[in-house]
Amino acid sequence: MSHLDHTPSTPGKFKMDKSAYPYHGGRLRWHSSLAKLTFWSFVFIGVIFIFFYRSPSSSSSSSAADPSRRSLRTSSWGGPAWEKKVRTSARIRSRNGFSVLVTGAAGFVGTHVSSALKRRGDGVLGLDNFNDYYDPTLKRARQALLERAGVFIVEGDINDAALLKKLFEVVPFTHVMHLAAQAGVRYAMQNPGSYVHSNIAGFVSLLEVCKEATPQPAIVWASSSSVYGLNTKVPFSEKDRTDQPASLYAATKKAGEEIAHTYNHIYGLSLTGLRFFTVYGPWGRPDMAYFFFTKDILNGKSIPIFEGENHGTVARDFTYIDDIVKGCLGALDTAQKSTGSGGKKKGPAQLRVFNLGNTSPIPVTNLVTILERLLKVKAKRNVMKLPRNGDVQFTHANISLAHRELGYKPTTNLQTGLKKFVRWYLNYYSAAGKKADAR
Ligand SMILES: O=C(O)[C@H]1O[C@H](OP(=O)(O)OP(=O)(O)OC[C@H]2O[C@@H](n3ccc(=O)[nH]c3=O)[C@H](O)[C@@H]2O)[C@H](O)[C@@H](O)[C@@H]1O
């Protein structure tokens, strides 16, 4: 029974008792019809007014019109003060530096990459729609962090072509680091539309604007280890098949790789896809297992630990955020220029895909043991069969291509990386708790 079923019936309050109306004459009926007509006219005018008042203007984020994005605000942009902020944030401060548009800048990887670029003197402008797929206060805290570093995040959606065009008018970006996406493997069963909206429509919207830009930027973007899907050949190499995705999330990332091929082929856009392997670390994503395991272990809640058929090990090639950031910067630094301009291809352009993993898969049960040691709390383990909702049993990256071409060399093992995560987690949430107590 839903709680609505418990709503008390209050006939005395809500039921109209006919006897309470003393008038039944013809004149009064005429009066009441006139009153009804006036009333409904007002309602009609009111509805029209509300409709026009609330419909988004061309300068607001289209995300607000799409409930699947769950963007919390209608952003507004434009105007001299806003343009000045955009320009200042994107200004290059080192010799041979880049000006980079980072989409998904308030996200986990986006925040780390933005601050690393800014630190070395590149110009960085962020773009993020601040949707509420997970706690937006964490995204706002990351935004505050970047603001202190001099990175401005424009609030808007990658599907907002007018906004993207405006950004390229204001700044001739040399590079785009495209990290905005609907992440998470299992959530795709709950909200498939949001994956299509961000990972496919959003990516195309961005590429359409990039291809028209003069100069065209070079684009580095986040694909995913999940594209290997049901591939059983390990370690996963870029040459392996990726045509058996196990989740819609994986399918949209795979689609992204094909879309990248098309825009490279037709328009001469330089495109580099990075297949991230289960990235973790400080300022991470609360929807990921290492993050909510930490929370639940501390709260004494049991944690679901997946295992394969016949108690088979479920393992991931967990990769620490600082290593991923180095891989992203390596990809930007080695990206060649796009060859087209104003929507026309002038010659062949670079098209690349790299694995960015750690090359040492760790069973999820070991991850939990490390967390128990770091948190000094025993986990309540609830071992269960890997549900059929998109998860694969095992990931393992072959990173020799990224090593050769990008100089990528991960140096952080899971024990060390989780130690840094736990330190951040305890600090961040104890500070947040103190703030809440003070309110
Ligand atoms: O590598 C990637 O490309 C992907 O990595 C993660 O996906 P996933 O590896 O599934 O990361 P988690 O959701 O944190 O799961 C980690 C491990 O914990 C396991 N798990 C997850 C949830 C749970 O309740 N119990 C459990 O045992 C999963 O099966 C998996 O083996 C990210 O969520 C994706 O956005 C990303 O694209």
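The values are calculated or read from the model by the stated rules, or taken from the named source; none is laboratory data. Please read these numbers as outputs of a predicted model, since none were measured by experiment. Counting neighbours? That spans all protein chains shown, and the Cβs are built from the backbone with ideal geometry, glycine included.
Go over the candidates N366, N355, N382 one by one and state the one that is surrounded by fewer than 16 Cβ atoms within 10 Å (Cβ to Cβ), within 21 Å of P235 (Cβ to Cβ) and modelled with pLDDT of 95 or more.
Criteria check complete, one pass: N366.
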- Task: Could you give me the residue pairs with C-beta distances under 7 Å whose first residue belongs to region 299-323 and is more than 25 Å from S430 (Cβ to Cβ) and part of a helix (DSSP H, G or I), whose second residue is polar (S, T, N, Q) and more than 12 Å from the ligand (Cβ to nearest atom) wherever it lies, and which are 6+ apart or on separate chains?
- Result: D323/T411; D323/T412
- Item | Members of region 238-271 found to be surrounded by fewer than 18 Cβ atoms within 10 Å (Cβ to Cβ), within 23 Å of the chain's Cα centre (by Cα) and under 16 Å from T395 (Cβ atoms), listed by number | none
- Message: Which residue is farthest from the ligand (Cβ to nearest atom), if the candidates are limited to region 390-436 and must be touching an Asp or Glu at 6+ places or on another chain (Cβ under 7 Å) and not aliphatic (A, V, I, L, M)?
- Response: T411
- Item | Number of positions in region 285-335 that are more than 20 Å from P363 (Cβ to Cβ), crowded, with 18+ Cβ neighbours inside 10 Å and near the ligand (Cβ under 10 Å from one of its atoms) | 1
- For L426, the lone unmet condition from (1) at negative phi; (2) under 24 Å from the mean Cα position of the chain (by Cα); (3) assigned to a loop (DSSP other than H, G, I, E, B) is (3)
- Task: Determine which member of the set P235, P217 is touching a residue at least 24 places away in the same chain (Cβ under 8 Å), under 20 Å from L269 (Cβ atoms) and in contact with a Ser or Thr (Cβ under 7 Å, 6 or more places away or on another chain).
- Result: P217
- The residue that is nearest to F306 (Cα to Cα), considering only those in region 240-272 that are within 12 Å of the ligand (Cβ to nearest atom), among the small types (G, A, S) and in contact with a strand residue (DSSP E or B) (Cβ under 9 Å, 6 or more places away or on another chain), is A250
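Name the residues in region 309-346 that are at negative phi and at pLDDT below 95, would you? Reasoning before the result, please.
In the first step, residues of region 309-346 are kept if they are at negative phi; the result is 309, 312-341, 344-346.
Scanning region 309-346 gives E309, G340, S341, K344, K345, K346.
Of everything in region 192-237, what is polar (S, T, N, Q), within 17 Å of the chain's Cα centre (by Cα) and more than 14 Å from the ligand (Cβ to nearest atom)? Give them in sequence order. Talk me through it step by step, then tell me what you get.
Here is the first cut: in region 192-237, the ones polar (S, T, N, Q) are 194, 198-199, 205, 214, 216, 223-226, 231-232, 237.
Okay, now just the ones that are also within 17 Å of the chain's Cα centre (by Cα), so 194, 198-199, 205, 223-226.
Across region 192-237, the qualifying residue is only S205.
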